Amino acid sequence: MGHFIMKQETKLSLLIIFLILILTVTIITITVKQKSKNYNYNSFDIIEAKKENVIFYLTKLYINNNPNPTYLRTRYDPKKLKDIPVENIKDKVIGKQLGYISINPDENLSEKAVVAALELDSVIDTILKIPLNSAYTKEYKNNTIKTCNDANKTEAVIILTLGNDNKVFSNNECIVVQATDEDNLIKAADRFGFYLLGVMNES
């Protein structure tokens, strides 16, 4: 009887060890999968995160040699934006005293265009410390009117618009963020923001 109990205890111990090994392997696998979602892009750490079933990305930045990192939150990560061309136009934003994001009210853009504008605001206003305001390209409900003609050496004007291609380009001193639809407009805005911060290069 005692021998039987010892055999049963041995079997139970082996079963427990086996289950612990399975659990350990499972935890390691999950950890590796989670870590694989994060990567380094041009020496910048890109972290995938999720909140309330919404996936977003955090880019670790060190601003003005501050040892404490700043995290830029974006809808898209650099790998998804490499196909969107951006001209070499940093000087049309960086160094300006203030800026405007302007849209054409006749395009009837939805809240997704607002998201695109907010993506740029988080870079230009929050990180680069250039005050950024909203405007329209023509008269609309007594709002500020800003067109490419208003862009100058001290004032940046960024036009968000729909067109045949996804790209960011200049029109004299003015910047045009163009996309084929509003989802791509958010992508183009993120692409431009990454470019301004040096995470991505012009192309």
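Any read-out appearing in this document is the output of simple, stated calculations on the displayed coordinates, not a laboratory observation. Please read these numbers as outputs of a predicted model, since none were measured by experiment. Here Cβ is always computed from backbone atoms with ideal geometry, including for glycine, and neighbour counts include all displayed protein chains.
Quick check: convex hull of the Cα atoms in the range 84-196, volume per residue, rounded to a whole Å³?
Enclosed volume per residue, from the Cα hull, is 90 Å³.
Where does the charge balance sit around Y195 when Lys and Arg score +1, Asp and Glu -1, over other residues with C-beta under 15 Å from its C-beta?
Values: positive: K79, K80, K82, K90, K92, K167, K187, R191; negative: D77, D83, E87, D91, E119, D190, E202.
With Lys, Arg at +1 and Asp, Glu at -1, the net is +1.
I'd like the antiparallel share, as a percent to the nearest 5, of DSSP beta bridges with both residues in the range 84-196.
Of all bridge pairs located within the range 84-196, approximately 20 percent are antiparallel.
Expected output is a single nm value to one decimal: the length gained when fully extending between Y39 and T126, i.e. 0.36 nm times separation in residues minus the C-alpha distance. What is it?
Separation in residues times 0.36 nm, less the Cα-Cα distance, equals 28.9 nm.
Give the cross-link partners of K60 among the lysines, using a straight C-alpha distance below 24 Å as the criterion and excluding same-chain residues fewer than 8 apart.
Output for K60: K33, K35, K37, K50, K51, K79, K80, K82, K90, K129, K187.
Tell me, what is the FRET efficiency for K112 and N65 to the nearest 0.05, using R0 = 35 angstrom and their Cβ-Cβ distance as r?
On the way: r = 36 Å, r/R0 = 1.03.
With a Förster radius of 35 Å, E is 0.45.
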